[in-house]
Amino acid sequence: MTDPTLTLRGAALYRGWLDPRAQARLADEVRAVVAAAPLFRPVTPSGKAMSVRMTSAGRLGWITDRKGYRYEPRHPGGMAWPPLPDTALGVWRALVEGGRDPDCCLVNFYEPEARMGMHQDRDEADFDWPVVSVSLGDEALFRVGNTTRGGKTESVWLQSGDVIVLGGAARLAYHGVDRLRPGSSHVLRRAGRINLTMRVVT
């Protein structure tokens, strides 16, 4: 396996894993996903609307609403989730050993003012499998901390084509996105960022 460019509190960063051509291909694949399962604005169980819009691809999709955080086999609009994008799946297969494909590829679209608070990815049944995150579009300030809230954190600007792997001791690390650098990339047709996170759910 290729060594990461750097690690932040156990999270492995693969800088520029996708070249510009692969980024453009993945952006087109994401557009096809959104055409089949449109982006929606989720709300937390407390009723607060999130600043990102999201959808999913794969066997299951992650959603949040008043009923809680969970995976569902269908989009809130009733349609089945489309297949995982081929380019994203290629990233997973190159960086994750074990021969199992992810059940879910969560697609988050960050508009220029969007952010993501510090959180853990812990709605999956088996934490032995990593979460693999792919960035497309504008740069984002990614912050990663500890497996418990509080304490020291580290940050890095993620660029289009970068991949982060949260596995091992970092699988349950708190992480989030503090802000974007609008206009720092022209991969997408408009300002903003797409983040794809792939997970084994069951």
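The values are calculated or read from the model by the stated rules, or taken from the named source; none is laboratory data. As the structure is a computational prediction, the values presented were derived from the model and not from experiment. Note that we place each Cβ from the backbone using ideal geometry, even for glycine, and neighbour counts take in every protein chain shown.
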Looking only at residues that are in contact with an Asp or Glu (Cβ under 9 Å, 6 or more places away or on another chain) and of a type in the set (S, T, N, Q) in region 44-55, which one is modelled with the highest pLDDT? Ser51
Scan region 86-104 and tell me whether some residue there is surrounded by 15 or more Cβ atoms within 10 Å (Cβ to Cβ) and part of a strand (DSSP E or B). yes
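Can you tell me how many residues in region 2-37 are on the phi > 0 side of the Ramachandran plot and either touching a strand residue (DSSP E or B) at 6+ places or on another chain (Cβ under 6 Å) or loosely packed, with under 13 Cβ neighbours inside 10 Å (or both)?
Residues flagged as on the phi > 0 side of the Ramachandran plot and either touching a strand residue (DSSP E or B) at 6+ places or on another chain (Cβ under 6 Å) or loosely packed, with under 13 Cβ neighbours inside 10 Å (or both) within region 2-37 amount to 1.
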Subset of region 45-88, residues under 21 Å from Glu111 (Cα atoms) and either hydroxyl-bearing (Ser, Thr, Tyr) or touching a Gly at 6+ places or on another chain (Cβ under 8 Å) (or both), comes to Ser51, Thr55, Ser56, Thr64
Where a residue in region 156-177 is under 16 Å from Val200 (Cα atoms) and part of a loop (DSSP other than H, G, I, E, B) and its partner, wherever it lies, is aromatic (Phe, Trp, Tyr) and modelled with pLDDT of 95 or more, with Cβ under 7 Å and at least six apart: Arg171/Phe127; Leu172/Phe127
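Name the residue that is modelled with the highest pLDDT, counting only residues in region 78-111 that are touching a Phe, Trp or Tyr at 6+ places or on another chain (Cβ under 9 Å) and more than 20 Å from Glu29 (Cβ to Cβ). It would help to see each step written out before you state the result.
Of the residues in region 78-111, the ones touching a Phe, Trp or Tyr at 6+ places or on another chain (Cβ under 9 Å) are 84, 91, 94-96, 98, 100-106.
Filter once more, so that each one left must be more than 20 Å from Glu29 (Cβ to Cβ): 98, 100.
Working: Gly98: 94, Arg100: 97.
Here the residue is Arg100.
Does Thr55 satisfy being in a strand (DSSP E or B) and buried (at least 18 other Cβ atoms within 10 Å of the Cβ)?
Numbers: in a strand (DSSP E or B): yes; buried (at least 18 other Cβ atoms within 10 Å of the Cβ): yes.
Taking the combined requirement at face value, the residue satisfies it.
In region 178-188, how many residues are out of contact with any Leu (no Cβ under 6 Å at 6 or more places or on another chain), in contact (Cβ under 8 Å) with a residue 40 or more places away in the chain, in a loop (DSSP other than H, G, I, E, B) and not small (Gly, Ala, Ser)?
Qualifying residue count, region 178-188: 2.
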Of all residues making up region 113-155, the number that are touching a Gly at 6+ places or on another chain (Cβ under 9 Å), acidic (Asp, Glu) and part of a strand (DSSP E or B): 1
